[in-house]
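Step one of this worksheet: look at the structure below.
The values are calculated or read from the model by the stated rules, or taken from the named source; none is laboratory data. The model shown is predicted, which means the values in this text are computed figures rather than measured ones. Quick reminder, even Gly has a Cβ in these numbers, built from the backbone with ideal geometry, and neighbours come from all protein chains shown. Areas reflect the complete protein model, heavy atoms only, side chains present, ligands, DNA and RNA absent. Shrake-Rupley method; radii C 1.70, N 1.55, O 1.52, S 1.80 Å.
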Amino acid sequence: MQQTRSEAREVVLSVKDLTVGFGEKIVLDKLNLDIYRGEILGFVGASGAGKSVLMRTVLRLLPRRSGSIEILGADYDAVDEVQRIALDTRLGVLFQHGALFSALTVKENIQLPMREYLDLPQWLMDELAYLKIELVGLKPDAADKYPSELSGGMIKRAALARALALDPDLVFLDEPTSGLDPIGAAEFDELIAQLRDTLGLTVYMVTHDLDSLFSVCDRIAVLGQKRVLVEGTLDDMLAFDDPWVQSYFRGKRARSIPRPEPSGGHPVK
Ligand SMILES: Nc1ncnc2c1ncn2[C@@H]1O[C@H](COP(=O)(O)OP(=O)(O)O)[C@@H](O)[C@H]1O
Ligand SMILES: [Mg+2]
(Lines give C-alpha, C1' and ligand atoms only; values in the text may rest on other atoms or scores of the structure.)
(Ligands and ions follow the chains in the order given, each with its own letter.)
Protein backbone atom coordinates (compact mmCIF):
# COMPACT_ATOMS: atom_id res chain seq x y z
CA MET A 1 0.00 0.00 0.00
CA GLN A 2 1.23 3.46 -0.80
CA GLN A 3 2.27 5.56 2.14
CA THR A 4 0.51 8.89 2.48
CA ARG A 5 2.57 12.05 2.54
CA SER A 6 2.07 12.75 6.21
CA GLU A 7 2.96 9.21 7.33
CA ALA A 8 6.26 9.47 5.52
CA ARG A 9 7.23 12.78 7.09
CA GLU A 10 9.00 13.57 10.29
CA VAL A 11 7.04 15.46 12.91
CA VAL A 12 9.19 18.36 14.17
CA LEU A 13 6.66 19.85 16.56
CA SER A 14 3.99 17.89 18.33
CA VAL A 15 1.60 19.60 20.74
CA LYS A 16 -0.71 17.31 22.68
CA ASP A 17 -3.69 18.25 24.86
CA LEU A 18 -2.25 21.67 25.56
CA THR A 19 -4.18 23.85 27.99
CA VAL A 20 -3.12 27.45 28.66
CA GLY A 21 -4.94 30.07 30.68
CA PHE A 22 -4.58 33.34 32.54
CA GLY A 23 -6.35 33.36 35.89
CA GLU A 24 -9.93 32.27 35.29
CA LYS A 25 -9.64 32.59 31.54
CA ILE A 26 -8.76 29.51 29.50
CA VAL A 27 -7.27 30.50 26.13
CA LEU A 28 -6.27 27.08 24.76
CA ASP A 29 -8.10 23.95 25.84
CA LYS A 30 -6.61 20.52 25.08
CA LEU A 31 -5.19 21.72 21.79
CA ASN A 32 -3.44 19.27 19.44
CA LEU A 33 -1.17 20.17 16.55
CA ASP A 34 1.62 18.51 14.56
CA ILE A 35 4.05 20.19 12.19
CA TYR A 36 6.03 18.20 9.62
CA ARG A 37 9.60 18.80 8.52
CA GLY A 38 9.94 21.02 5.47
CA GLU A 39 6.42 22.37 5.40
CA ILE A 40 5.03 25.87 5.74
CA LEU A 41 2.08 25.67 8.09
CA GLY A 42 -0.25 28.65 7.97
CA PHE A 43 -1.96 29.23 11.30
CA VAL A 44 -5.10 31.36 11.33
CA GLY A 45 -7.83 32.30 13.74
CA ALA A 46 -9.85 35.29 14.92
CA SER A 47 -8.04 38.14 16.61
CA GLY A 48 -7.54 37.26 20.27
CA ALA A 49 -8.12 33.54 19.65
CA GLY A 50 -4.73 32.62 21.09
CA LYS A 51 -2.40 32.29 18.10
CA SER A 52 0.42 34.25 19.72
CA VAL A 53 -0.22 32.57 23.06
CA LEU A 54 0.26 29.17 21.43
CA MET A 55 3.51 30.27 19.83
CA ARG A 56 4.83 31.76 23.05
CA THR A 57 3.85 28.67 25.01
CA VAL A 58 5.62 26.38 22.56
CA LEU A 59 8.70 28.59 22.99
CA ARG A 60 8.36 28.26 26.79
CA LEU A 61 7.78 31.98 27.24
CA LEU A 62 4.39 31.28 28.80
CA PRO A 63 3.47 28.56 31.28
CA ARG A 64 0.95 25.87 30.45
CA ARG A 65 -1.64 24.25 32.69
CA SER A 66 -1.28 20.82 31.12
CA GLY A 67 -0.31 18.99 27.97
CA SER A 68 2.97 18.05 26.33
CA ILE A 69 5.18 19.70 23.74
CA GLU A 70 7.69 17.74 21.71
CA ILE A 71 10.13 19.70 19.58
CA LEU A 72 12.58 18.06 17.16
CA GLY A 73 12.03 14.70 18.81
CA ALA A 74 12.61 15.89 22.37
CA ASP A 75 10.09 16.39 25.15
CA TYR A 76 10.92 19.74 26.74
CA ASP A 77 9.94 18.44 30.18
CA ALA A 78 12.28 15.48 29.93
CA VAL A 79 15.52 17.20 28.90
CA ASP A 80 18.14 18.87 31.07
CA GLU A 81 19.16 22.52 30.85
CA VAL A 82 22.07 21.89 28.46
CA GLN A 83 19.84 19.95 26.06
CA ARG A 84 17.17 22.63 26.37
CA ILE A 85 19.61 25.34 25.33
CA ALA A 86 20.77 23.17 22.42
CA LEU A 87 17.14 22.79 21.35
CA ASP A 88 16.55 26.54 21.59
CA THR A 89 19.37 27.18 19.13
CA ARG A 90 17.49 25.13 16.55
CA LEU A 91 14.45 27.41 16.71
CA GLY A 92 14.15 30.83 15.09
CA VAL A 93 11.50 33.39 15.99
CA LEU A 94 10.02 36.50 14.45
CA PHE A 95 7.66 38.04 17.01
CA GLN A 96 4.48 39.89 16.12
CA HIS A 97 5.57 43.12 17.78
CA GLY A 98 8.97 44.69 18.22
CA ALA A 99 10.69 42.90 15.39
CA LEU A 100 14.08 44.60 15.94
CA PHE A 101 15.87 46.52 18.70
CA SER A 102 15.84 50.14 17.59
CA ALA A 103 19.09 51.09 19.34
CA LEU A 104 21.04 48.41 17.48
CA THR A 105 22.05 48.25 13.81
CA VAL A 106 20.77 45.44 11.59
CA LYS A 107 24.09 43.63 11.95
CA GLU A 108 24.02 43.95 15.75
CA ASN A 109 20.43 42.73 15.84
CA ILE A 110 21.34 39.65 13.82
CA GLN A 111 24.32 39.00 16.08
CA LEU A 112 22.27 39.04 19.28
CA PRO A 113 21.39 35.32 19.21
CA MET A 114 25.00 34.53 18.27
CA ARG A 115 26.24 36.42 21.33
CA GLU A 116 23.69 34.71 23.53
CA TYR A 117 24.31 31.15 22.42
CA LEU A 118 27.70 30.95 20.68
CA ASP A 119 31.21 31.98 21.53
CA LEU A 120 32.56 33.35 18.25
CA PRO A 121 35.13 36.01 17.38
CA GLN A 122 33.70 39.30 16.12
CA TRP A 123 35.08 38.87 12.59
CA LEU A 124 33.25 35.56 12.22
CA MET A 125 30.00 37.00 13.57
CA ASP A 126 30.37 39.80 11.02
CA GLU A 127 30.84 37.30 8.18
CA LEU A 128 27.81 35.33 9.36
CA ALA A 129 25.67 38.47 9.67
CA TYR A 130 26.51 39.45 6.08
CA LEU A 131 25.60 35.94 4.92
CA LYS A 132 22.18 36.19 6.60
CA ILE A 133 21.65 39.66 5.19
CA GLU A 134 22.27 38.29 1.71
CA LEU A 135 20.08 35.27 2.38
CA VAL A 136 17.03 37.45 3.09
CA GLY A 137 17.60 39.62 0.02
CA LEU A 138 18.96 42.76 1.67
CA LYS A 139 21.93 44.70 0.32
CA PRO A 140 25.17 44.60 2.35
CA ASP A 141 24.86 48.29 3.21
CA ALA A 142 21.78 47.47 5.30
CA ALA A 143 24.14 45.95 7.89
CA ASP A 144 25.08 49.23 9.51
CA LYS A 145 21.67 50.86 9.30
CA TYR A 146 19.31 51.34 12.23
CA PRO A 147 15.72 50.07 12.00
CA SER A 148 14.44 53.67 11.73
CA GLU A 149 16.36 53.99 8.46
CA LEU A 150 14.65 50.96 6.89
CA SER A 151 11.32 50.44 5.12
CA GLY A 152 8.72 48.12 6.66
CA GLY A 153 9.63 45.34 4.25
CA MET A 154 13.33 45.69 4.99
CA ILE A 155 12.65 45.54 8.75
CA LYS A 156 10.77 42.27 8.29
CA ARG A 157 13.64 40.87 6.26
CA ALA A 158 16.18 41.98 8.85
CA ALA A 159 14.06 40.39 11.59
CA LEU A 160 13.93 37.21 9.54
CA ALA A 161 17.73 37.35 9.20
CA ARG A 162 17.94 37.49 12.99
CA ALA A 163 15.54 34.52 13.27
CA LEU A 164 17.88 32.62 10.94
CA ALA A 165 21.05 33.66 12.80
CA LEU A 166 21.70 30.24 14.30
CA ASP A 167 20.63 28.20 11.24
CA PRO A 168 17.43 26.92 12.85
CA ASP A 169 15.47 23.85 11.74
CA LEU A 170 12.14 25.40 12.62
CA VAL A 171 11.11 29.05 12.46
CA PHE A 172 8.08 30.69 14.05
CA LEU A 173 6.76 33.76 12.27
CA ASP A 174 3.98 35.71 13.97
CA GLU A 175 2.13 37.74 11.33
CA PRO A 176 5.30 38.50 9.37
CA THR A 177 3.55 40.31 6.53
CA SER A 178 1.19 42.46 8.58
CA GLY A 179 1.75 46.12 7.81
CA LEU A 180 3.33 45.41 4.43
CA ASP A 181 1.73 46.43 1.15
CA PRO A 182 0.50 43.51 -1.02
CA ILE A 183 3.63 43.53 -3.20
CA GLY A 184 5.98 43.62 -0.22
CA ALA A 185 3.97 40.85 1.41
CA ALA A 186 4.06 38.70 -1.73
CA GLU A 187 7.82 39.17 -1.98
CA PHE A 188 8.26 38.17 1.64
CA ASP A 189 6.13 35.06 1.05
CA GLU A 190 8.27 34.17 -1.95
CA LEU A 191 11.37 34.48 0.20
CA ILE A 192 9.90 32.14 2.82
CA ALA A 193 9.07 29.55 0.16
CA GLN A 194 12.57 29.88 -1.24
CA LEU A 195 14.10 29.27 2.21
CA ARG A 196 11.91 26.22 2.70
CA ASP A 197 13.15 24.85 -0.61
CA THR A 198 16.84 25.74 -0.27
CA LEU A 199 17.43 25.31 3.47
CA GLY A 200 14.77 22.68 4.11
CA LEU A 201 13.33 25.03 6.68
CA THR A 202 10.12 24.19 8.50
CA VAL A 203 7.92 27.24 8.99
CA TYR A 204 5.11 27.90 11.43
CA MET A 205 3.48 31.06 10.20
CA VAL A 206 0.71 32.85 12.03
CA THR A 207 -0.97 35.00 9.45
CA HIS A 208 -4.03 37.08 8.66
CA ASP A 209 -2.98 37.25 5.08
CA LEU A 210 -5.18 35.19 2.78
CA ASP A 211 -2.71 35.67 -0.06
CA SER A 212 -0.01 33.97 2.02
CA LEU A 213 -2.32 31.09 2.83
CA PHE A 214 -3.21 30.60 -0.79
CA SER A 215 0.23 31.04 -2.27
CA VAL A 216 2.89 29.61 0.03
CA CYS A 217 1.35 27.56 2.81
CA ASP A 218 1.52 23.78 2.35
CA ARG A 219 -1.05 23.22 5.04
CA ILE A 220 -3.44 25.38 7.03
CA ALA A 221 -4.61 25.06 10.63
CA VAL A 222 -7.46 27.08 12.09
CA LEU A 223 -7.60 28.02 15.76
CA GLY A 224 -11.15 28.29 17.07
CA GLN A 225 -13.05 27.35 20.22
CA LYS A 226 -9.70 27.16 22.04
CA ARG A 227 -8.32 24.35 19.88
CA VAL A 228 -7.35 23.49 16.32
CA LEU A 229 -10.77 23.35 14.69
CA VAL A 230 -9.63 22.07 11.33
CA GLU A 231 -6.34 21.49 9.55
CA GLY A 232 -5.48 20.48 6.03
CA THR A 233 -5.49 21.91 2.55
CA LEU A 234 -7.43 24.89 1.30
CA ASP A 235 -10.06 22.47 -0.03
CA ASP A 236 -10.42 21.01 3.45
CA MET A 237 -11.06 24.53 4.76
CA LEU A 238 -13.64 25.27 2.08
CA ALA A 239 -15.43 22.03 2.87
CA PHE A 240 -15.45 22.54 6.63
CA ASP A 241 -18.83 23.38 8.08
CA ASP A 242 -18.16 26.17 10.55
CA PRO A 243 -19.45 29.75 10.25
CA TRP A 244 -16.12 31.42 11.07
CA VAL A 245 -14.14 29.18 8.73
CA GLN A 246 -16.69 29.65 5.95
CA SER A 247 -16.82 33.42 6.25
CA TYR A 248 -13.03 33.64 6.52
CA PHE A 249 -12.22 31.53 3.48
CA ARG A 250 -15.26 32.40 1.39
CA GLY A 251 -15.98 35.91 2.65
CA LYS A 252 -15.67 39.25 0.97
CA ARG A 253 -11.92 39.51 1.40
CA ALA A 254 -11.37 36.04 -0.02
CA ARG A 255 -13.44 36.61 -3.14
CA SER A 256 -10.81 38.31 -5.24
CA ILE A 257 -8.28 35.58 -4.71
CA PRO A 258 -8.00 32.83 -7.32
CA ARG A 259 -8.57 29.41 -5.94
CA PRO A 260 -9.02 25.88 -7.28
CA GLU A 261 -12.20 25.10 -9.18
CA PRO A 262 -14.63 23.23 -6.93
CA SER A 263 -14.49 20.15 -9.16
CA GLY A 264 -10.76 20.06 -9.71
CA GLY A 265 -9.50 20.80 -6.24
CA HIS A 266 -5.84 20.33 -5.48
CA PRO A 267 -3.73 20.83 -2.38
CA VAL A 268 -2.56 24.31 -1.41
CA LYS A 269 0.99 24.78 -2.61
N1 LIG B 1 0.26 37.61 29.25
C2 LIG B 1 -1.08 37.57 29.19
N3 LIG B 1 -1.83 37.73 30.31
C4 LIG B 1 -3.18 37.68 30.25
N5 LIG B 1 -3.88 37.47 29.13
C6 LIG B 1 -3.19 37.30 27.99
C7 LIG B 1 -1.76 37.35 27.95
N8 LIG B 1 -1.35 37.14 26.68
C9 LIG B 1 -2.49 36.97 25.95
N10 LIG B 1 -3.58 37.08 26.73
C11 LIG B 1 -4.96 36.92 26.28
O12 LIG B 1 -5.06 35.70 25.57
C13 LIG B 1 -5.95 35.81 24.47
C14 LIG B 1 -5.24 35.39 23.19
O15 LIG B 1 -4.26 36.35 22.84
P16 LIG B 1 -3.33 36.22 21.59
O17 LIG B 1 -2.68 34.89 21.56
O18 LIG B 1 -2.42 37.40 21.61
O19 LIG B 1 -4.36 36.35 20.38
P20 LIG B 1 -4.05 36.28 18.81
O21 LIG B 1 -4.75 35.06 18.29
O22 LIG B 1 -4.67 37.53 18.24
O23 LIG B 1 -2.57 36.23 18.62
C24 LIG B 1 -6.40 37.26 24.44
O25 LIG B 1 -7.66 37.32 25.07
C26 LIG B 1 -5.37 37.97 25.26
O27 LIG B 1 -5.92 39.10 25.89
MG1 LIG C 1 -1.20 37.52 17.82
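Worth a mention:
- Taking the protein heavy atoms of the chain in the context of the full set of protein chains, the accessible area attributed to carbon and sulfur is 52 percent at 1.4 Å.
- Under 17 Å from Lys145, Cα to Cα: aspartates and glutamates that are on another chain or at least 8 residues apart: Glu108, Asp126, Glu127, Glu134
- When Rg and Dmax are taken over the Cα atoms of segment 91-190, they come to 12.6, 40 Å.
- Percent of beta bridges antiparallel (DSSP, the chain, rounded to nearest 5): 55 percent
- The per residue volume of the convex hull around the alpha-carbon atoms of the chain is 153 Å³.
- Taking every Cα-Cα distance in segment 116-262 and sorting them into 10 Å bins starting at zero, the pair-distance distribution P(r) comes out as 10, 35, 31, 16, 7, 1 percent.
- Equivalent-ellipsoid semi-axes for segment 1-155 (Cα gyration tensor, √(5λ), whole Å, largest first): 32, 20, 18.
- Counting only lysines at least 8 places from Lys226 when in the same chain, those with an alpha carbon closer than 22 Å to its own are Lys16, Lys25, Lys30, Lys51.
- Computed over protein heavy atoms with a 1.4 Å probe, the accessible surface of the chain works out to 50 Å² per residue.
- Counted charge near Lys51, where neighbours are those whose Cβ lies closer than 15 Å (Asp, Glu -1; Lys, Arg +1): -2
- Quarter of the Cα convex hull surface for segment 151-197, i.e. its orientation-mean projected area (nm²): 3.1 nm²
- For the peptides 161-167, 243-249, 35-41, the ranking by packing is 161-167, 35-41, 243-249, with the highest mean count of neighbouring Cβ atoms within 10 Å listed first.
- Listed peptides 72-82, 212-222 by packing density, highest first (mean Cβ within 10 Å): 212-222, 72-82
- Among Val27, Leu160, Ala193 - extreme Cα towards positive end, dipole of the chain, charges at beta-carbon: Val27
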